[in-house]
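Contents: one structure, followed by commentary.
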Amino acid sequence: MILLQTNTSSDWAMFFGHFHPVVVHLPIGMLMIAAILEYISHKKGLEALQPAITPILWWGMISAVISCIFGYLLSSSGEYNESTLFWHQWMGISVALISLAAWYMKKNWQNDETMKKVYIPSLFVLVILLTGTGHLGGNMTHGEDYLYAYTPEPFRSIAGLPPHTSGKGTVRKIENIEQALVYQDVIAPMMEQKCWSCHNANKIKGQLRMDKPELLANGGEHGAIFKANDPTNSEMIKRVLLDMNDEHHMPPKGKNPLTEQEISLVTWWIKNGAKFDIKVAQMKPDDKIKPILVALAGGASMENTASGGETISPVFNEKVSVASENNIKKLTDLNVIVMPVSKDQNYLDVNFINARNLDDSKINLLSNISEQIVWLKLGSTQITDKSLSEISKYPHLNRLNLEHTAITDAGITQLKNLKYLEYINLFDTKVTDVGIAELAKLKGLKKVYCWQTKVTIAGVNALKKALPNVEIDMGWQDKLPMTDTSTKVLEKKVVAK
């Protein structure tokens, strides 16, 4: 029940406007109950229900008016499709006016035959308007396909609906990953799942629509959200990397965030030009992206997309036994996400994004599947350096996320025996140049994230000299100046180690 759209909105307007979804359920419930009571009260023996109908209509009308006012304030954000908003607003106004009329007629119809004839039809119209207004409101909030998005087969085919390709916790399998279009087949499905509910034709939050390539490229009220070939300075990447509690994090708190793999895929797409018509094989996925694409392909080989037919990572040439279902269940019962890396491997991706209360006392829960863990995401958990002593025993660990934890240089020292470790994320930790120097012992290391740490450009250059092929991402910090003296001192420390 949203009224008119204005060009500007104040904090007060938005504050009260955000109560519209709460208040709107009151008139829906009360007016529907009034109509139902009116119908069943005409049954023999139920006439005693009649006195309750008038006060219910009164309060239903009052809550409908309040809902309209709050809807008006919410509409001032300018985030909704004008056509849908127009019909939603006037149907909402009609509900308030007809409920007022119905209340008046119910209260005074005893001596007026015309009111008696009009009253019942007015309730019928009221029910229709409530249904239509609620449906349009749902479209603006959740998308036009909200009611039928999860229609199962065979009803989906009978109704002529397209195959269901997305949903919470689901991944669409791509039959021919090499010939797949990067945006259409890889990037768009994850955006549909995580972003489109707030940025579609009916709800245009921040004046941004993401459901069509040309509109995504146009950006929102603050301009373009990505810069081709420059993911570090792309607003889209900056927002998804913010702390979950940050008000600017996208998707907002309470919605399903992008996973580490999904962020990597978007970053890879932007880094390679953010083109909408390019195929996977043309973009030549690197060693970080290939395993993720393998998972999307259900385990299909990506060797043809790599130069010289190189393998994804040496660890995937190893064979490990199947992890115990009972051991996995102990973790999933704690909201830990445990997923296979591909259908042809017994390796596991273990993610604590929904179980951030993990601390040092619980890290032993992973010991029974340590052989199978190849990707481990401990970001934003409560672990300290003590946990890394246990993690250092995982023989096949290939990727390790430690962002937003209390890890220090002392913890990094314990990782020296992880021969397959290729990726480590130290974003927002207490690691310094000393800890980065310890990473020189990991000869297979290929990627290090150290945004918002105490690592300096000098420390980065020293590590690069020891490991020439390593890629180190410092975000904005890589623009800082450095001195030749500090660089040479650290280089000597790394080489000495």
Among helices (runs of 4 or more DSSP H) completely within region 133-223, the ones holding 2 or more residues that are modelled with pLDDT of 85 or more are 188-194, 213-218
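Would you call Ser234 among the hydroxyl-bearing types (Ser, Thr, Tyr), at pLDDT 85 or above and touching a Phe, Trp or Tyr at 6+ places or on another chain (Cβ under 6 Å)? Break it down stepwise before answering.
Numbers: among the hydroxyl-bearing types (Ser, Thr, Tyr): yes; at pLDDT 85 or above: yes; touching a Phe, Trp or Tyr at 6+ places or on another chain (Cβ under 6 Å): yes.
Yes: the conditions hold for Ser234.
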What's the number of the only condition in (1) crowded, with 17+ Cβ neighbours inside 10 Å; (2) within 15 Å of Ser63 (Cα to Cα); (3) modelled with pLDDT under 90; (4) not small (Gly, Ala, Ser) that Met30 fails to meet?
(3)
Pairs only if they're at least six apart or on different chains, beta carbon under 6 angstrom, first in region 315-334 and assigned by TED's automatic domain parsing to the domain that holds Glu371, second in a helix (DSSP H, G or I) and buried (at least 17 other Cβ atoms within 10 Å of the Cβ); list them, first residue then second.
Ala323/Ile369; Asn327/Ile369
If you go through region 312-353 one residue at a time, how many are out of contact with any Asp or Glu (no Cβ under 7 Å at 6 or more places or on another chain), in a loop (DSSP other than H, G, I, E, B) and at pLDDT below 85?
4
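The values are calculated or read from the model by the stated rules, or taken from the named source; none is laboratory data. Remember, predicted model here, so these are calculated numbers, not experimental data. No Cβ is skipped: glycine too gets one built from the backbone with ideal geometry, and neighbour counts run over all protein chains shown.
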